[in-house]
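Everything below concerns the one structure shown next.
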């Protein structure tokens with residue numbers, strides 16, 4: 001739904017509320033999408049419970065899942081025990097667990113007290129899995145079938161039990177002790193003859209996850225193999241839950257955001273920006289700022305040791321920012337390409353020599369073109385247009401040649417460091433622009449002042 | 001499948017090939033996942049057609065979809081007309097179109113000549129949609145139902161026609177002229193009584209896309225509303241195709257990669273890194289490098305105009321890289337956070353004042369802490385440990401105070417520019433670190449040299 005449409009509906013509800021036309025509100029919102037409803041409810045913090053009570057039971061639960069944490073808490077506190085029970089009953093287990101993980105203890109207690117004993121037991125089991133594991137992401141509401149029943153029986157079983165399942169499109173075939181044997185898709189069931197036996201039509205080549213596996217790896221598998229659901233088994237190969245594709249999509253989006261944050265020298269957080277306090281944002285940003293500031297001691301030292309030379313030829317100083325900037329940009333381009341390639345598994349560790357050779361050629365091309373462009377720019381803009389006589393041919397050659405070498409070094413550093421990080425088990429994403437820049441800053445300065453010393457005879 | 005397992009299978013195939021044990025190869029690969037098979041086939045460029053012919057027809061087509069473009073081309077060239085026909089017949093239309101878009105004209109002709117007239121017509125129609133549109137992403141192989149039939153009839157229709165459909169889990173209800181009326185999920189069909197009428201159980205509140213809508217927007221909608229498929233309609237509201245969730249996932253991944261590339265000052269490309277020529281990589285990287293180099297003319301000019309002051313107090317030069325680096329990092333952190341927030345719609349344009357106020361507080365916190373840390377570092381490390389007497393209390397105050405102001409300015413620039421870009425219809429992603437850095441470089445220099453002039457009496 002468009003932002004504008006939502007705005008109109010909010011205004012309408014507002015006037016209905018004033019006139020106490022609750023029936024009209026009910027009619028207005030009863031067929032909306034849960035994601036849109038959560039946006040609309042967020043606009044009525046004081047009437048949250050009132051509006052929520054006007055929703056049909058199943059839609060209420062679905063909208064509840066889409067709401068922000070603080071609104072969920074607000075709502076759970078203002079609803080009656082009976083209403084809380086109805087919401088929890090309608091929720092899928094994985095959503096319940098997600099919500100419980102964010103709630104304060106008293107609200108959690110209320111939710112657990114108002115769920116039936118079996119649900120409570122399952123919730124407590126899922127809560128035991130580590131936060132980033134497949135176990136914590138899964139739901140226990142799947143369809144399981146015995147291998148010796150017919151397609152007809154299977155369809156009947158789905159009809160009987162399917163309404164509460166998160167998906168019925170992949171049904172899992174298990175032994176009585178829950179050992180996973182295979183799966184049958186609903187498509188297969190619908191296209192097969194009714195008297196066929198499940199064991200004859202099931203797929204036994206199952207892609208599954210272990211409860212403790214990283215949820216990012218699981219989401220990638222699901223994307224790679226185009227799966228709508230993936231079974232999660234325990235150490236004894238017993239089926240304990242499934243992960244559905246909508247949750248995998250959310251994980252992939254979160255992981256992309258995390259990688260982007262790491263590449264920008266931010267400690268990732270999983271809370272939305274607007275809901276994060278300035279203090280928390282500060283805490284996620286300051287460590288890298290301090291670390292990178294400290295490492296710049298090297299650049300200061302290098303400049304200090306060339307102090308007298310720089311004083312005797314100050315024009316050299318004017319191009320330090322440009323050289324460092326270009327080096328940082330060139331290195332950042334490469335490192336970010338490699339980091340993303342590793343993340344989406346387009347690049348493997350074994351490709352390092354292929355990559356190095358490719359980056360060498362790219363950096364030569366970039367370096368030569370940038371060097372020539374810089375020479376032209378210095379002579380035409382700095383010298384001719386801006387009339388800076390200190391920018392001589394000699395100085396321009398030094399700067400251009402430095403750029404050529406810097407670009408090559410920056411690109412090679414930018415391609416080696418992420419791969420090296422991956423090899424020793426670190427996260428390649430931290431080897432992005434800010435980190436590469438700091439290293440390239442120091443290297444490019446050394447190259448610059450070295451070349452200047454060699455090529456400018458008067459420098460001492 | 002693990003890298004190691006795949007390696008073992010490759011070795012096994014290699015020895016089977018040598019001994020000409022084709023039956024064993026057939027048995028070995030006949031139940032593999034298409035994504036794994038494509039990796040394995042890639043290792044046998046000379047035996048591609050031989051191995052491909054050993055695969056069961058449907059698996060062959062699925063593996064074909066997963067292969068790299070150059071291998072697909074290779075294969076299409078070496079297969080007989082009849083074999084090409086078999087492959088094209090097994091492919092889903094959207095995959096055929098994707099492949100055709102990458103193939104040279106002679107191969108395209110061969111594919112079209114070997115498909116039946118109706119498929120050919122459909123392919124040609126889809127090829128007319130703009131490359132990034134919903135129309136170009138959709139498939140025409142969906143289940144459509146009349147509104148007046150019973151659930152039983154619908155299930156029979158699915159059984160009869162479902163095998164060639166890309167998904168049967170969302171069935172679309174249309175008028176005889178193909179106007180979209182609503183949808184029924186397979187779940188709903190399976191859980192309903194057989195004599196119910198489709199029009200009574202269908203959902204009429206359909207989320208759909210127009211053929212020319214941007215595929216990124218469509219993928220986001222599908223993720224937001226947790227859809228497994230989304231119908232695509234033409235201007236007359238007639239159903240022309242559907243987009244399935246696996247394709248939406250691919251789009252989301254591509255878009256994340258594109259955004260990351262843009263943020264690193266690279267012109268995005270949709271080819272995998274290893275398959276891109278150094279020349280193309282160069283072409284995608286050099287424009288930004290040159291542009292950013294040119295803009296650094298400002299920093300050179302600023303330094304030049306303060307030349308005499310810097311010459312009389314060279315120690316100031318030593319901290320230019322650190323100040324610029326910190327400013328760039330701080331600005332980059334903010335801009336990347338805002339860009340990502342805008343991309344995943346966590347942040348809206350209307351939030352600008354909330355964001356500005358938040359970033360102001362964060363930047364104050366960051367600036368004060370970084371300033372104090374820098375003061376301590378300069379006095380302890382530069383002065384005491386490294387014995388640099390030029391780093392006086394006065395100089396340290398100038399540098400620390402500059403940092404405080406620079407961080408605040410950098411963060412405010414980093415938060416305004418992406419939002420401004422979005423408002424005027426530009427892509428916010430280009431307003432990331434490299435671009436912000438160039439602006440912040442110039443600003444921080446002005447702040448630095450301004451503060452130094454004000455606070456150091458001897459400077460002239």
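The values are calculated or read from the model by the stated rules, or taken from the named source; none is laboratory data. Since we're looking at a predicted model, the values are computed, not measured. No Cβ is skipped: glycine too gets one built from the backbone with ideal geometry, and neighbour counts run over all protein chains shown.
Structure notes:
- Top-ranked residue of the stretch A:320-332 - restricted to ones that are at the interface with another protein chain (Cβ under 7 Å from one of its Cβ atoms) and either closer than 20 Å to residue B:257 by Cα or touching a strand residue (DSSP E or B) at 6+ places or on another chain (Cβ under 9 Å) (or both), ranked as surrounded by the most Cβ atoms within 10 Å (Cβ to Cβ): A:330
Residue-by-condition table, conditions (1) over 24 Å from residue B:411 (Cβ atoms); (2) at the interface with chain B (Cβ under 8 Å from one of its Cβ atoms); (3) surrounded by 18 or more Cβ atoms within 10 Å (Cβ to Cβ):
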site	(1), (2), (3)
A:263	no, yes, yes
A:275	no, no, no
A:289	no, yes, yes
A:334	yes, no, yes
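- In the condition set (1) out of contact with any helix residue (DSSP H, G or I) (no Cβ under 7 Å at 6 or more places or on another chain); (2) closer than 24 Å to residue B:289 by Cβ, residue A:354 is compliant with all but (1).
- Residue match in the stretch B:48-61 (condition: more than 12 Å from chain A (Cβ to nearest Cβ), under 30 Å from residue B:211 (Cβ atoms), touching a helix residue (DSSP H, G or I) at 6+ places or on another chain (Cβ under 9 Å) and surrounded by 15 or more Cβ atoms within 10 Å (Cβ to Cβ)): yes
- Residue match in the stretch B:363-383 (condition: modelled with pLDDT under 90, surrounded by fewer than 22 Cβ atoms within 10 Å (Cβ to Cβ) and either out of contact with any helix residue (DSSP H, G or I) (no Cβ under 9 Å at 6 or more places or on another chain) or more than 7 Å from chain A (Cβ to nearest Cβ) (or both)): yes
- Which numbered condition residue B:126 misses (of (1) in contact with a helix residue (DSSP H, G or I) (Cβ under 7 Å, 6 or more places away or on another chain); (2) modelled with pLDDT of 85 or more; (3) part of a helix (DSSP H, G or I)): (2)
- Yes/no for residue A:172 being touching a strand residue (DSSP E or B) at 6+ places or on another chain (Cβ under 7 Å) and either part of a strand (DSSP E or B) or free of Cβ contacts under 8 Å to residues at least 40 places away in the same chain (or both): yes
- Test: residue in the stretch A:449-459 that is in contact (Cβ under 8 Å) with a residue 40 or more places away in the chain and surrounded by 24 or more Cβ atoms within 10 Å (Cβ to Cβ): no
- Condition check for residue B:393: within 34 Å of the chain's Cα centre (by Cα), more than 12 Å from every other protein chain (Cβ to nearest Cβ) and more than 22 Å from residue A:273 (Cα to Cα): no
- Among the candidates B:183, B:142, the residue that is assigned to a loop (DSSP other than H, G, I, E, B), touching a strand residue (DSSP E or B) at 6+ places or on another chain (Cβ under 9 Å) and buried (at least 19 other Cβ atoms within 10 Å of the Cβ) is uniquely B:142.
- Residue among A:280, A:299, A:317, A:295 that is surrounded by fewer than 24 Cβ atoms within 10 Å (Cβ to Cβ) and at the interface with another protein chain (Cβ under 7 Å from one of its Cβ atoms): A:317
- Considering the stretch A:186-212, the residues that are crowded, with 18+ Cβ neighbours inside 10 Å and farther than 30 Å from residue B:164 by Cβ include one that is modelled with the lowest pLDDT, namely A:211.
- From the options B:305, B:326, residue that is modelled with pLDDT of 90 or more and either farther than 18 Å from residue B:431 by Cβ or not assigned by TED's automatic domain parsing to the domain that holds residue B:451 (or both): B:326
- Residue A:162 being touching a helix residue (DSSP H, G or I) at 6+ places or on another chain (Cβ under 9 Å) and modelled with pLDDT of 90 or more: no
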